[in-house]
Amino acid sequence: MRATELTDPSPCTRTLDAPDTADIWVSRMKARVKIFTYGCQMNDLDSLKIQTEFSRRGFTATGYTREADVIVINTCSVRQKAYEKAMSNLGRLSALKRARPSLVIAVTGCVAQQDREGLLRRMPHVDLVVGTHQLHLLPDLVQDALKGARGRVVAEFSTCIPFMDTIPDTTLSAEPHRAYVTVMQGCDNFCSYCIVPHVRGPEISRRAESVIGEIRAHASQGVREVFLLGQNVNSYRGGMSFPELLRAIHSIDGIERIRFTTSHPKDANDDLVACFRDLPKLCSHIHLPFQSGSDRVLVAMNRHYTREWYLELIERFREARPDIAFSADVMVGFPGETEQDFMETMDVIERVRFDVLYSFKYSVRPMTAAASLADDVPAREKSRRLVVLQARQREITLENNMRRVGSTYDVLVDGASTRVEGQVKGRTTHNAIVNFTGERSLVGRTVRVTVTRAQQNSLTGVLSDAA
Ligand code: 5AD
Ligand code: SF4
């Protein structure tokens, strides 16, 4: 098996639009591509961009693994469970590869970056390993692989990431009125439990002109909502600050809603808070991971804020935008977490009353600082704490949802409801899902909906009138 490092001479000036003769040769064969995606919204967006690049080169997408000529597994390794999921799917593909050796299997994303050559050794049926900074090379590498160049690893970190500037074809997505837009990638924070800085690399911001140009292009295609993505958007430095970028995007005609994720609480400054006071298109929701409510654990996690500081930050956002909804990430069972530490986490949940809380059991990740600490909270205790936390959060979420009954909201309609035939679903500014009876022609439009019932994970409403 050959492992090749391939460097692009001028990655930042590459264009990917013009197919060369080899592309035309493959497109005549109508190679079919199946993409599996694991993990966060960044990976969802990377997969959409990958699909966009392939379709520009004449490949066709397929939903069927068995008929694919090319399979891309876009992976996540933030928690051990996500890593294992990607590995077991990859393992299952070995039988398919044995039956059809011409199949090209490419692994991209965080697991590719983490394991590199090791992945080829453990999974010899994999043909290509493409890391998080090199996704722009994937179509060429796949073309080469279809012609026989297998066993390549391309996973060098670079000082710029050309794939950030690739504009996804939103018409290929299920919600063409919403565009996810990368503003930065990577992380310099090195929270002690987190593998992201090791697999996504240092923070690199995309130039503001490129971000704004992409959003203008989306707006002219009918996109109504932009969702800005980055591991820590608050440390954006693409020629302006993140709050300045929000203000610039706010002035783009056609864009009705702006969302973003993720924010590190330590970097959420007054300028960001002021955006929620000043910018009506900025949605009334912020995702602010707090990870733990215990100051002792926050120090061990290298988070650089205290519980009091976090709670005050929440109040500052509430002052700027009284109806703002909060979501967050939290984990239980970090090394050394005591019952008292856990109670302090529960206390933050009581005080903030998040609408949505993503909660995890701590798992050891390679390369991280916490990997050298004893993983000393027993698995059963981690599970118990998670069950307690999730049970209480379910109650709070339902109570928050019930408080919305009787109110009327602008809802951007996303598509057919998955709950009831004849209904459509959309989102309020708070990111709450609302199902209501309505025509499919409403998809992509903003309508007024009065909430009539609250469920655990969504609301039910009736259409008032088209806004
Ligand atoms: N164990 C458990 N959860 C983790 N997260 C990140 N690293 C770990 C880990 N080692 C969680 C954090 C982060 C979210 C994306 O995943 O809560 O915000
Ligand atoms: Fe990971 Fe912390 Fe960076 Fe978030 S801020 S990606 S948790 S290191």
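The values are calculated or read from the model by the stated rules, or taken from the named source; none is laboratory data. If you're wondering where the values come from, they're calculated on a predicted model, not measured in any experiment. Counting neighbours? That spans all protein chains shown, and the Cβs are built from the backbone with ideal geometry, glycine included. These area figures cover heavy atoms from the full protein model, side chains too; ligands, DNA and RNA do not enter into them. Shrake-Rupley method; radii C 1.70, N 1.55, O 1.52, S 1.80 Å.
What nm distance separates the two modelled labels at ARG207 and THR60, each placed 7 Å from Cα along Cα→Cβ?
3.8
For the chain, with the dipole built from +1 on Lys and Arg beta-carbon atoms and -1 on Asp and Glu ones, taken about the Cα centre, which of PHE54, GLY461, GLY186 lies farthest toward the positive end?
It is PHE54, whose Cα lies furthest towards the positive end.
What does the charge add up to near GLN423, with Lys and Arg as +1, Asp and Glu as -1, over the other residues with Cβ less than 11 Å from its Cβ?
+1
Rounded to the nearest 0.05, what FRET efficiency do HIS125 and GLN221 give with R0 = 45 Å and r taken as the Cβ-Cβ distance? Could you check? All intermediate terms of the calculation are to be shown ahead of the outcome.
Numbers: r = 39 Å, r/R0 = 0.87.
Step by step, r from the Cβ atoms, then E = 0.70.
Tell me, what is a quarter of the convex hull surface for the C-alpha atoms of the range 333-409, in nm² with one decimal?
On the way: hull surface 26.0 nm².
With every direction weighted equally, the projected area is 6.5 nm².
For the chain, what is the accessible area per residue in Å², given a 1.4 Å probe and the full set of protein chains?
Working: 19570 Å² over 467 residues.
Accessible area per residue: 42 Å².
Averaging the inverse of every distinct alpha carbon separation and then flipping it gives the Kirkwood radius. What is it for the chain, in angstrom units?
23.6
Any idea what the relative contact order of the range 21-175 is, in percent, if you count C-alpha pairs under 8 Å spaced at least 6 apart?
So the answer I get is 22 percent.
Please find the FRET efficiency linking ARG380 to ASP295, where r is the Cβ-Cβ separation and R0 is fixed at 25 Å, and quote it to the nearest 0.05.
0.45
Would you mind computing, in nm to one decimal, how far apart the modelled labels at GLN340 and TRP309 are, each placed 7 Å from Cα along Cα→Cβ?
2.2
Express the carbon and sulfur contribution to the solvent-accessible surface of the range 309-412 as a percent, rounded to the nearest whole number, probe 1.4 angstrom.
Details: 2680 of 4820 Å².
C and S fraction of accessible area: 56 percent.
Using only Cα atoms, find the angle between the long axis of helix 307-320 and the longest principal axis of the chain, and express it within 0 to 90 degrees, rounded to the nearest 10.
80
Given a 1.4 Å probe and the protein chains all in place, what does the accessible area of GLU209 round to, in Å² to the nearest 10?
That residue has around 120 Å² of solvent-accessible surface.
Assuming R0 = 30 Å, what is the FRET efficiency of LEU373 and ASP347, from their Cβ-Cβ distance, to the nearest 0.05?
It comes to 0.80.
Excluding ligands and nucleic acids, what accessible area in Å² is computed for PHE317 using a 1.4 Å probe, to the nearest 10?
In the full protein context, PHE317 sits at about 0 Å².
Using protein chains only and a probe of 1.4 angstrom, how many square angstrom of ASP127 are accessible, to the nearest 10?
10
Work through the residues other than MET87 whose Cβ is under 14 Å from its Cβ and net out their charges, Lys, Arg +1 and Asp, Glu -1.
It works out to a net charge of +4.
Given a 1.4 Å probe and heavy atoms of the protein chains only, how would you sort THR429, THR171, THR182, THR306, largest accessible area at the top? Walk me through the intermediate numbers first.
On the way: THR429 35, THR171 95, THR182 10, THR306 60 Å².
Accessible-area ranking of THR429, THR171, THR182, THR306, largest first: THR171, THR306, THR429, THR182.
For a 24 Å ceiling on Cα separation, which of these pairs sit above it: LYS30/LYS425; LYS34/LYS85; LYS97/LYS361; LYS97/LYS147?
Violating the 24 Å Cα-Cα cut-off are LYS30/LYS425; LYS97/LYS361.
Using just the alpha carbons, could you tell me how many Å³ per residue the convex hull of the range 278-372 encloses?
Details: hull volume 10.5 nm³, N = 95.
It comes to 111 Å³ per residue, whole-number rounded.
Relative contact order (percent) for the chain, with alpha-carbon contacts under 8 angstrom and 6 or more residues of separation?
Relative contact order of the chain: 10 percent.
How long is the range 165-243 along each principal axis, judged by its Cα atoms, biggest number first, in Å?
Over the range 165-243, Cα extents along the principal axes are 42, 28, 19 Å.
When the dipole is taken about the Cα centre of the chain, and only Lys, Arg (+1) and Asp, Glu (-1) are charged at their Cβ, what size is it in debye, to the nearest 20?
1480
Could you sort GLU312, GLU203, GLU319, GLU214 by their accessible area in this structure, using a 1.4 Å probe and putting the largest first?
Heavy-atom accessible area, descending, gives GLU319, GLU312, GLU203, GLU214.
Mark the label point 7 Å from the Cα of ASP44 along Cα→Cβ and return the residues of the range 151-185 whose backbone N is within less than 20 Å of it.
164-185
Any chance you could give the angle, 0 to 90 degrees and rounded to 10, that helix 208-220 forms with the longest Cα principal axis of the chain?
With rounding to tens, the tilt is 90 degrees.
I'd like the orientation of helix 80-99 relative to the chain: the angle between its Cα long axis and the longest Cα principal axis, in ° from 0 to 90, rounded to 10.
Taking Cα atoms only, the helix is inclined about 30 degrees.
Where nothing but the Cβ of Lys and Arg (+1) and of Asp and Glu (-1) is charged, how large is the charge dipole of the range 334-414 around its Cα centre, in debye to the nearest 20? Could you put the intermediate results ahead of the total?
Numbers: 12 positive and 14 negative charges, 45 e Å.
The calculation lands at about 220 debye.
Over all directions, the average projected area of the alpha-carbon convex hull for the range 98-169 comes to how many nm²?
Its average projected convex-hull area is 5.4 nm².
Report the gain in length on full extension from GLU319 to THR418: 0.36 nm times residue separation, minus Cα-Cα distance, nm rounded to one decimal.
32.1 nm
Among LEU311, ALA369, VAL356, whose Cα projects farthest towards the positive end of the dipole of the range 244-383, with charges put on the beta-carbon of Lys, Arg (+1) and Asp, Glu (-1)?
Of LEU311, ALA369, VAL356, it is VAL356.
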